[in-house]
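The values are calculated or read from the model by the stated rules, or taken from the named source; none is laboratory data. Note that the structure is predicted; figures quoted are calculated from it, not measured. Cβ placement follows ideal geometry from the backbone for every residue including glycine, while neighbour counts extend to all protein chains displayed.
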Amino acid sequence: MYNFKKTFQPINGDKMEQQNYETIVNKHKPKENRLLNALLAFLTGGLIGAFGNFLQEAYSYFLDISKNDAAVLMLTTLIFLACLFTALGFFDSFAKVGKMGLIIPITGFAHSMQSAILDYKKEGLIYGFGANIFRLAGSVILYGVVAAYIFGIIRYAIMGG
Amino acid sequence: MKINNVYIKDTVTISGPLEYQGPYGKYFTDHINDYYLDKSYELSEVKLQKMALNKLLNKVEKTTSDIDLLVSGDLLNQITASSYAANKTLIPFLGVYSACATSTEQLIIASSLIDSNKIKNAICLTSSHNLAAEKQFRNPVEYGSPKPKTATFTATGSASIMLTNEKTKVKITSCTIGTVQDLNQKDPNNMGAVMAPAAADTIYRHLKENNEKASDYDLILTGDLGIYGKDILKEYLKQRYSIELKDNYDDCGAMLYDLKKTKEVTAGGSGPVCSALINYSYVYEGLKNKKFKKVLLVPTGALFSPTFSYQKQSILSIAHAVCLESES
């Protein structure tokens, strides 16, 4: 009869063993190039900001509308472009180069929703599309709204509205 | 556990496009150029498995009624790709799951049934699909969040192998069933570190059980530790078990891709088919041509789900070992 436990060594849950192993793991962990990543994100994020500002100015100048109205149009354009590039399949390649610079602005928000529904469109309109569109973006919306309320109350308390 | 009288009849390996471009691409039976074989990622994986099964049946000139057992496994929830691929074949079917160590679990189950004369032959079938796995375990496919350097890339493909009690050139001689290991690793982006303890334990137990040394093997192959996991395993084995792995050790995940050219795979391949692709093509051919005499396959699997991971539980791992020898 084969004895499954013959050579079994009870190392599970041993704190010393875990710490010892952790040092080996950390020793072989490659260094992420954080400075370069941050610099790339700063540059791409800045470029998006500059592009957005340019769009806003252009809309306001050519369409003869107020800066506020132009801002709405600018945001819509950026969202549209992010969704389009996601659907065409090359936004993720941009994000690999540009790092978080493309994910943090509103382009990343649109991208997260668009990529989620691309994955789940085969599951149908209710269980796929509807249930999963906010898979990644849902937390952002929830805590964004909650944070807005809290800061609104603080502002009201301090500045009286 | 010793195994007598179990031989490998033939194998089929179908890889995805990136795997085909890798250094071992020329050994694969076939490859696909498009990830979308069917309407969805999941159905594409089913189709991949069906292709591997049918190709193998053609190769060995058998029909489904000649096969006594089909053992399949994959990564999808409730191993559905395997069940749908087995649908309508009417071969007695066992679905198994050990994540990326599935292929050797199948070999162990099938060969022990053949060894004890319960059945005459069996087919083991495994697959994974990069996009289907991304959708299930990570972020949506098109979502482009940057990955750390230790992350691995689920391989696409399907591999099948037929075991029989008739004598052929390659034989299964022994195997060791792994134990679940937990060294409190929680980073799903560093699977090499999660799974190395399981590989270390299984290699140690296998060598001890059979009174062997690591140098007795022409090749020891782990499944998908990746380039960093490989170094962790070597150091841990040496420190904890005093076993030194030399040039005869490699890792299928680190071998499968051309890591310099295909940057998106970061630390290497993973998935149940990752080790199976290399083992059933390059290793099997090598054993058949007597390039290798004795090979130890130790694929490793991470036993976890996103739910347990979000609940802050550590990621468990397992490794099953199978020893293949060329028949003289």
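Against the test of being over 21 Å from B:Thr307 (Cβ atoms) and over 11 Å from the mean Cα position of the chain (by Cα), the options B:Ala85, B:Ala81 yield a single qualifying residue, B:Ala85. Scan segment B:277-328 for residues that are in contact with a Gly (Cβ under 8 Å, 6 or more places away or on another chain) and part of a helix (DSSP H, G or I) and jot them down. Once the filter is applied, which keeps residues that are in contact with a Gly (Cβ under 8 Å, 6 or more places away or on another chain) and part of a helix (DSSP H, G or I), segment B:277-328 yields only B:Leu277. Can you confirm whether B:Val141 is in contact (Cβ under 8 Å) with a residue 24 or more places away in the chain, of a type outside the set (D, E, K, R) and within 19 Å of B:Gly269 (Cα to Cα)? In short, yes. Among the conditions (1) within 14 Å of chain A (Cβ to nearest Cβ); (2) more than 22 Å from the chain's Cα centre (by Cα); (3) farther than 25 Å from B:Gln313 by Cα, the only one that B:Ala254 does not satisfy is (2). Scanning segment B:116-146 for residues that are modelled with pLDDT of 85 or more, among the small types (Gly, Ala, Ser) and part of a loop (DSSP other than H, G, I, E, B) yields a total of 1. Total residues in segment B:172-193 satisfying the condition of being more than 14 Å from every other protein chain (Cβ to nearest Cβ) and among the aliphatic types (A, V, I, L, M): the figure is 1. Could you say whether any residue in segment B:54-70 is assigned to a strand (DSSP E or B), more than 14 Å from chain A (Cβ to nearest Cβ) and within 21 Å of B:Val322 (Cα to Cα)? Yes; the residues of segment B:54-70 include at least one that is assigned to a strand (DSSP E or B), more than 14 Å from chain A (Cβ to nearest Cβ) and within 21 Å of B:Val322 (Cα to Cα). Here B:Tyr204 does not fit the description of being within 8 Å of another protein chain (Cβ to nearest Cβ) and surrounded by 23 or more Cβ atoms within 10 Å (Cβ to Cβ).
Residues in segment A:112-142 that are charged (D, E, K, R) and on the phi > 0 side of the Ramachandran plot: none. Exactly one residue out of B:Lys169, B:Lys147, B:Lys238 is touching a residue at least 40 places away in the same chain (Cβ under 8 Å), more than 19 Å from the chain's Cα centre (by Cα), farther than 26 Å from B:Leu37 by Cα and within 11 Å of chain A (Cβ to nearest Cβ): that is B:Lys147. All told, A:Leu102 falls short of being within 23 Å of B:Glu264 (Cβ to Cβ), surrounded by 19 or more Cβ atoms within 10 Å (Cβ to Cβ), out of contact with any Gly (no Cβ under 7 Å at 6 or more places or on another chain) and within 14 Å of chain B (Cβ to nearest Cβ). When the test is whether a residue is within 17 Å of A:Thr23 (Cβ to Cβ) and either touching a Gly at 6+ places or on another chain (Cβ under 6 Å) or not in a helix (DSSP H, G or I) (or both), B:Gly178 does not pass it. Residue count for segment A:21-44 satisfying the condition of being hydrophobic (A, V, I, L, M, F, W, C), more than 8 Å from every other protein chain (Cβ to nearest Cβ) and closer than 12 Å to B:Asn190 by Cβ: 0. Whenever a residue of segment A:97-108 is touching a residue at least 12 places away in the same chain (Cβ under 8 Å), its partners that are β-branched (Val, Ile, Thr), lying with C-beta atoms within less than 6 angstrom and at least six residues away or across chains, give the pairs A:Gly98/A:Thr44; A:Gly101/A:Thr44; A:Leu102/A:Thr44; A:Pro105/A:Ile48.
Can you say whether B:Tyr228 is in contact with a Pro (Cβ under 9 Å, 6 or more places away or on another chain), assigned to a helix (DSSP H, G or I) and in the same structural domain as B:Val322 (by TED's automatic domain parsing), as far as the supplied structure shows? The answer is yes for B:Tyr228. Taken over segment A:60-93, the criterion of being within 11 Å of chain B (Cβ to nearest Cβ) and surrounded by fewer than 18 Cβ atoms within 10 Å (Cβ to Cβ) is satisfied by A:Ala87, A:Leu88, A:Gly89, A:Phe90, A:Ser93.
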